[in-house]
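Below is one structure, written out as structure tokens; comments come after it.
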Amino acid sequence: MKKILVTGAAGQIGSELTMALREKYGNENVIATGHIKEPDETLHNSGPFHFIDCTKINTVAAIVKKYRVDTIYHLAALLSAVAEKDPQLAWDVNMIGLYNVLETARTYKCSVFTPSSIGAFGPGTPLDHTPQDTTQRPNTMYGVTKVAGELLCDYYFKRFKVDTRGVRYPGIISYKTLPGGGTTDYAVEIYYEAIKHKKYTSFINRGTYLDLMYMPDAITAAIDLMEANPDKLQHRNAFNVSAMSVAPENIADEIRKIIPEFTLDYKVDPLRQAIADSWPNNMDDSAARQEWGWEPEYNLESMTKDMIEKLSQKLGKEIKT
Ligand code: AKB
């Protein structure tokens, strides 16, 4: 049986990925770790949890050694908007943290999953049907760390044979744990506000198309890629994966099918709008489909229905879907 370490386990993706991994590989075989944020009760009580600091290699190595870990899902990172507000911290967490994980993986012979992002693209990248292999000149610290991370993971595979794999996640939509300071956070907030107040003011402008994905598909992508036959993988560390390309008004239209009174207006945040404008409208994810069978289950309609159903239960509001 695998022994898995998850970093960033209390975060938006980590909190759900850890539980999915525990269900698949056994609670005791998945060691969840976080830095500052307290894990929720389910995460805390269902298996091992430790606080570590990925910028200190000894704390990562100690857990890997103690539990004889063979696989690391490295999710600890700063998202795009917070990274732009504190680029020095973003470099430390996103780059030094990844370097420490890769070095630990090299020493203890672990395989590593690290997410990259649509943020690895920037000005000069074709925005429509963004190819798998194309210009990557991002102008944010988040983007710089994501491109460098993709290259570093490729390097550790080629030079040291560390089994590194990763996807370029789009904005991830979920109802369990809130995202922590990304540009695509608007697409999660809109559902909370629709249920609570039947209105939302978007910080991303009308007509801004971005790739999004519902959490169950994001989890499937990570686990399926790590289970994939390595002989078939040509793009190990940076597979484009997408499920839908939408603008704020498209989500609003879909919400209105269930909550007809819902209204959307705009108060654009220049920082996050500039980041969004530099990212693809829609990525071409055919390499992931061909090399390891990527196929999302949810589209905008099915995601919206499920989000509203689950979130209204969580918020204690009755809404018929
Ligand atoms: C962000 O908005 O920073 C993230 C991402 C797309 O990488 N959700």
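The values are calculated or read from the model by the stated rules, or taken from the named source; none is laboratory data. Nothing here was measured: the structure is a model prediction, and the numbers come from that model. All Cβ positions, glycine included, derive from the backbone under ideal geometry; neighbour counts span all protein chains shown. The protein model used for the area step is the full one, side chains on, heavy atoms only, and it has no ligands, DNA or RNA in it. Shrake-Rupley method; radii C 1.70, N 1.55, O 1.52, S 1.80 Å.
Descriptive notes on the structure:
- T135 modelled with pLDDT of 95 or more and crowded, with 18+ Cβ neighbours inside 10 Å: no
- Flag if A194 is in contact (Cβ under 8 Å) with a residue 12 or more places away in the chain, surrounded by 24 or more Cβ atoms within 10 Å (Cβ to Cβ) and more than 16 Å from the ligand (Cβ to nearest atom): yes
- Every residue from region 150-167 that is in contact (Cβ under 8 Å) with a residue 40 or more places away in the chain and either within 18 Å of E16 (Cα to Cα) or part of a loop (DSSP other than H, G, I, E, B) (or both): V162, D163, G166, V167
- The residues of region 76-93 that are surrounded by fewer than 24 Cβ atoms within 10 Å (Cβ to Cβ) and either under 16 Å from I36 (Cβ atoms) or among the aliphatic types (A, V, I, L, M) (or both), listed by number, are L79, A81, V82, D86, L89, A90, D92, V93.
- Residue within region 213-233 that is under 27 Å from A274 (Cβ atoms) and out of contact with any Ser or Thr (no Cβ under 9 Å at 6 or more places or on another chain) present: no
- Test set (1) outside the structural domain of R256 (by TED's automatic domain parsing); (2) within 10 Å of the ligand (Cβ to nearest atom) - T183 fails condition number: (1)
So that you can scan it fast, the table gives a plain yes or no per residue for (1) in contact with a Gly (Cβ under 7 Å, 6 or more places away or on another chain); (2) closer than 30 Å to S286 by Cβ; (3) part of a strand (DSSP E or B):
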residue: V60; (1), (2), (3): no, no, no
residue: I63; (1), (2), (3): no, no, no
residue: Y73; (1), (2), (3): no, yes, yes
residue: A83; (1), (2), (3): no, yes, no
residue: D92; (1), (2), (3): no, no, no
residue: Y99; (1), (2), (3): no, no, no
residue: T104; (1), (2), (3): no, no, no
residue: V112; (1), (2), (3): no, yes, yes
residue: Q132; (1), (2), (3): no, yes, no
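- Elements of type helices (runs of 4 or more DSSP H) contained in region 196-295, each with 3 or more residues being under 17 Å from G171 (Cα atoms) and assigned by TED's automatic domain parsing to the domain that holds T125: 215-227
- Residue count for region 246-287 under the criterion of being in contact with a Ser or Thr (Cβ under 7 Å, 6 or more places away or on another chain), open to solvent by less than 10 Å² (accessible area, probe 1.4 Å) and away from the ligand (no atom under 16 Å from the Cβ): the result is 1.
- Flag for G143 being within 15 Å of the ligand (Cβ to nearest atom), in a loop (DSSP other than H, G, I, E, B), within 25 Å of M213 (Cα to Cα) and touching a helix residue (DSSP H, G or I) at 6+ places or on another chain (Cβ under 8 Å): no
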